[in-house]
Amino acid sequence: MALDPLPTLQRVFGFPDFRGVQRDVVERALAGQGTLAVMPTGAGKSLCYQLPAVMLEGTCVVVSPLIALMHDQLRAAEAVGIRAATLTSVDENQAETRARFLSGELDLLYVAPERASGGGFRDLLSRGKLSLFAIDEAHCVSEWGHDFRPDYRLLKPLMEAFPAVPRLALTATADAHTRADILDQLGLPHEGMIVAGFDRPNIRYAISPRDNINRQLADLVAAQAGPGIVYAQTRAATEKLAAALAATGRPTRAYHAGLDPAVRAKNQADFVASEDMVICATIAFGMGIDKPDVRFVAHAGLPKSIEAYYQETGRAGRDGDPSVAHLFWGAEDFARARQRVAELDPERQAGERQRLSSLGALVETAGCRRAILLRHFGEHPPATCGNCDNCQSPPASTDATELARKFLSAVFRTGQGFGVGYIESILKGVSTERSLMNGHEALSVFGIATPEEAPLIKAVARALLLRDALRANDFGALEFGPGARGLLKGGDTLSLIEAPKRERRRRGAGAA
Ligand code: ADP
Ligand code: ZN
């Protein structure tokens, strides 16, 4: 059965051709094969189930986690003449929708995952004709994903009641671990995974430690014409940054959920219409906004995960023109994030820790940022890209692997109960009342740091905390984290980047 989907693509959607992996995904669905499509935002996931839904007999059930998004998609589908409906708690026409489904008048039926648990829904489905199950935002089924929704776990038993109906799961954001979990949790064959290219070659990535965020952002804004988004972590911060950046002469706006809805809508509309505005926003901003000419996305603090970073920076340069993504981070961002992780349910902590240490690796690398990002999404990129800060001006770095090992073994030998300052004095061989009392001056690590290493000890401790080789408890006592092993036993290395701080200060002072 070789149905060619191209004529329907052209006739119904008006697109001349498929983009990227769309054709592969659509053909698998038409052939009745289970598929997981991993495609970045904007790659055109919706089409991958909408097109088979139009071509196949019966209704495609689309599971989607957010009612607001569902209604957007419904409008978009209806706009191209697809017969679609949503069945959610806020819909008043539920009886009518059920009747349309039963009489075969729907190509698409959008539902929330909690529907899947109800026997009533299963019964309804069994009385109609199904063409496909489409599971949008499929990472929600995995505890490893960044947005676990327990209701997604009910989908597999529901789908198992309809073994002849093919399944198509879609997500933009899944690392290798999460992908494997999605396949299992939704009963999809491992050969059914299709991953689209994640590279956004026109985006230049840059990441810097934060020292004076107002000045750093002002420098960025001055260097970067065109509309830009600055992501901040709190509502108050968006307003403060917007006020501070107004001094650059660019129009600025704040955007966050706490603003009066009319103000918020106006700020968004102003931004979409503008050619030079800077909008300072919480991460709520950007979802579903169609502005292809965003020239830069800045983060004033650490994003939640590499997935979130990719998605947020991905709002830059949709038109394909050169654009910039600049992240400013501080060690305190990591400390705060670790604190939040520690307060989560124990089952969720491992995944969240993994996410943080991936972010740590991205910000602390002296190597190519793009390579790290793409490897995270399962690609095999070249070692350098030529379009990120580290490729364009490789940072001066010192190999501190040996010192890191010394630090870790001092932590180990003193019984994992002391803070950075204490370990530092042990390594330097500084005798104190405490070290004498604890008998630590007899340890082989006492005074083991060379004079060249001594000034680097604090920086090494920071780097070890960042990559989760060490963890500090509430009292500052250090103990081993999962990253310790690779440094002590495996081939992991640690290099310290020499931050060009003084130079920047001088330039800042000169401009003032
Ligand atoms: P995603 O869900 O992956 O973020 P969407 O499904 O919202 O992406 O699609 C992003 C945009 O790309 C939409 O405006 C859509 O109309 C457009 N699009 C999808 N497929 C094609 C195609 N084959 N050719 C041109 N534009 C397409
Ligand atoms: Zn690079």
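No other residue among ASP321, ASP333 is more than 28 Å from ARG471 (Cβ to Cβ), modelled with pLDDT of 90 or more and of a type in the set (D, E, K, R) apart from ASP321. Annotation: ASN202 fulfils all but one of (1) under 27 Å from ALA273 (Cα atoms); (2) free of Cβ contacts under 8 Å to residues at least 40 places away in the same chain; (3) surrounded by fewer than 16 Cβ atoms within 10 Å (Cβ to Cβ); the unmet one is (2). Residues that are surrounded by fewer than 16 Cβ atoms within 10 Å (Cβ to Cβ), small (Gly, Ala, Ser) and more than 30 Å from THR365 (Cβ to Cβ): does the stretch 421-435 have at least one? Taking every residue of the stretch 421-435 in turn, at least one turns out to be surrounded by fewer than 16 Cβ atoms within 10 Å (Cβ to Cβ), small (Gly, Ala, Ser) and more than 30 Å from THR365 (Cβ to Cβ).
Within the stretch 374-382, does at least one residue satisfy the condition of being away from ligand 2 (no atom under 14 Å from the Cβ), surrounded by fewer than 16 Cβ atoms within 10 Å (Cβ to Cβ) and not acidic (Asp, Glu)? So far as the stretch 374-382 goes, yes, one or more of its residues are away from ligand 2 (no atom under 14 Å from the Cβ), surrounded by fewer than 16 Cβ atoms within 10 Å (Cβ to Cβ) and not acidic (Asp, Glu).
Out of all the residues in the stretch 247-266, is one or more in contact (Cβ under 8 Å) with a residue 40 or more places away in the chain and touching a Phe, Trp or Tyr at 6+ places or on another chain (Cβ under 6 Å)? Within the stretch 247-266 (the criterion being in contact (Cβ under 8 Å) with a residue 40 or more places away in the chain and touching a Phe, Trp or Tyr at 6+ places or on another chain (Cβ under 6 Å)), the answer is no, since none of the residues qualifies. Counted as qualifying within the stretch 1-97 are the strands (runs of 3 or more DSSP E) with 3 or more residues that are within 20 Å of LEU125 (Cα to Cα), of a type in the set (A, V, I, L, M, F, W, C) and in contact (Cβ under 8 Å) with a residue 40 or more places away in the chain, namely 59-63. For first residues located in the stretch 369-398 and touching a residue at least 24 places away in the same chain (Cβ under 8 Å), partners that are part of a strand (DSSP E or B) and within 16 Å of ligand 1 (Cβ to nearest atom) and lie 6+ apart or on another chain with Cβ distances below 7 Å form the pairs GLY378/VAL195.
The residues of the stretch 1-20 that are within 11 Å of ligand 1 (Cβ to nearest atom) and of a type outside the set (S, T, N, Q), listed by number, are PRO5, LEU6, LEU9, PHE13, GLY14, PHE15, PRO16, ASP17, PHE18, ARG19, GLY20. Taking the criterion of being more than 12 Å from ligand 1 (Cβ to nearest atom), of a type in the set (S, T, N, Q) and surrounded by fewer than 20 Cβ atoms within 10 Å (Cβ to Cβ), the only residue of the stretch 22-64 that qualifies is GLN33. Applying the selection to the stretch 252-281, what residues are more than 16 Å from ARG315 (Cβ to Cβ) and hydroxyl-bearing (Ser, Thr, Tyr)? Once the filter is applied, which keeps residues that are more than 16 Å from ARG315 (Cβ to Cβ) and hydroxyl-bearing (Ser, Thr, Tyr), the stretch 252-281 yields only THR252.
The values are calculated or read from the model by the stated rules, or taken from the named source; none is laboratory data. Predicted model only: the values in this text are computed from it and were never measured. Positions of Cβ are backbone-derived with ideal geometry, glycine not excepted, and every protein chain shown enters the neighbour counts.
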